[in-house]
Amino acid sequence: MTRTTFLLALGAALALPQLAGAQEIKEFRIGVLGGENAQDRMTNNECLRKHTEDLLGVPVRLFTPADYDGVIQGLLGGSLDAAILGASGYAKAYLTDPEAVEPVLVKTNLDGASTYFSIGIARKDRGIRSMADMKGKVLGFGDPNSTSGYLIPAVELPRQGYSMKPGEYFSDIRFTGGHEQTIVAVVNGDVDGGVTWADGLGNWEDGYNSGALRKAVDAGIVDMNDLVEIWRSEPIPEGPLVLRKALPADVKAKFTEMMAKLIDTDKECTYGVAGGETAGFRPVRHENYLTIIEARKLEEAKAN
């Protein structure tokens, strides 16, 4: 389904008599994943809060839990109505309760793809240029529920001969708490290398077009000239915008339509919500995440 066809279908749905209206909800609650400090997350998504409040006519609140699981549990427990999850986070929500949330849209890059990369980084002055140079050194991950910040490297690195057991290849593996924290840990020398996410498009010195590195550059946290890329994963599917399934149908349709059109109605807001340059949001289905769901199941089985 093309974006145009999708929007026309939504418009037709909204023209039908409404059996369940926005008046049936008293507020709308949007969760924002960790990965940067809470104040920046609030600032970057304030425009979305205002647009949603104008659209639905009810108070809209943003929630910025300290870690990814806070958003996931909020969706599972019904205390959150919407969030942009990573693919691994969506997999966890689905595996826990298939009826809790539904994916509706996904961020699209400027090249038309809806994929990104887990990017390994190190300080340039450490003399580390690849994962081969990380032997006996400390590797930093962001969050156990992050796709690029943990799941994908945890799957791909062992296949490439880099054991994930502390002391076997890396001297230690540490969780920093999020993408921004990983970047800061690398810059400060708390870890020798770390993994974060980026679309891999555009210029290195800008932190690429979108992703955690771009956010860090925009926030003045890092000068990319001080870092080097030491590893890159295979393409990863962008995580979905999900909605709580139990929401009234017209609320879901209106919010989805608004988000699909956001790149046209408020490009600056889209930049903040998406973490950089983007072509906007397009429809996505559960089937897009079957591979990630299987990878998550395998990792959880190994952990148990």
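The values are calculated or read from the model by the stated rules, or taken from the named source; none is laboratory data. This structure is a prediction, so every number in the text was calculated from the model and none was measured. A quick note on method: Cβ atoms are made from the backbone with ideal geometry, for glycine too, and the neighbour counts reach across all protein chains shown. Note: areas computed on protein heavy atoms with side chains; ligands, DNA, RNA excluded. Shrake-Rupley method; radii C 1.70, N 1.55, O 1.52, S 1.80 Å.
Side notes on the structure shown:
- Here VAL217 clears all of (1) closer than 30 Å to LEU48 by Cα; (2) at pLDDT 95 or above; (3) open to solvent by less than 30 Å² (accessible area, probe 1.4 Å) except the condition numbered (3).
- All positions within region 272-303 that are out of contact with any strand residue (DSSP E or B) (no Cβ under 9 Å at 6 or more places or on another chain) and either open to solvent by 80 Å² or more (accessible area, probe 1.4 Å) or at positive phi (or both): GLU287, LEU290, GLU294, LYS297, LEU298, LYS302, ALA303
- When we screen SER118, SER114, SER88 for residues that are among the hydroxyl-bearing types (Ser, Thr, Tyr), touching an Asp or Glu at 6+ places or on another chain (Cβ under 7 Å) and modelled with pLDDT of 95 or more, the only hit is SER114.
- Lone unmet requirement of (1) at negative phi; (2) more than 14 Å from the chain's Cα centre (by Cα); (3) open to solvent by less than 60 Å² (accessible area, probe 1.4 Å) for ASP143: (2)
- The numbered conditions (1) more than 25 Å from THR176 (Cα to Cα); (2) in contact with a helix residue (DSSP H, G or I) (Cβ under 8 Å, 6 or more places away or on another chain) are all true for ASN45 except (1).
- Unmet requirement for VAL187, which otherwise passes all of (1) under 25 Å from SER114 (Cα atoms); (2) assigned to a helix (DSSP H, G or I); (3) touching a residue at least 40 places away in the same chain (Cβ under 8 Å): (1)
- Top-ranked residue in region 151-177 [being at negative phi, touching a Phe, Trp or Tyr at 6+ places or on another chain (Cβ under 9 Å) and small (Gly, Ala, Ser); ranked as most open to solvent (accessible area, probe 1.4 Å)]: SER163
- Strands (runs of 3 or more DSSP E) within region 50-126 that include 3 or more residues surrounded by 22 or more Cβ atoms within 10 Å (Cβ to Cβ): 82-84, 101-108, 115-123
- Test: residue in region 159-179 that is over 23 Å from the mean Cα position of the chain (by Cα) and more than 21 Å from GLU299 (Cα to Cα): yes
- Selection from region 220-249 of residues that are open to solvent by 30 Å² or more (accessible area, probe 1.4 Å), of a type outside the set (A, V, I, L, M, F, W, C) and in a loop (DSSP other than H, G, I, E, B): GLY220, ASP223, GLU234, PRO235, LYS245
- Any hit, region 208-227, residues being among the hydroxyl-bearing types (Ser, Thr, Tyr) and under 25 Å from TYR169 (Cβ atoms): no
- Of everything in region 266-283 that is touching a residue at least 60 places away in the same chain (Cβ under 8 Å) and assigned to a helix (DSSP H, G or I), the residue that is farthest from the chain's Cα centre (by Cα) is GLU268.
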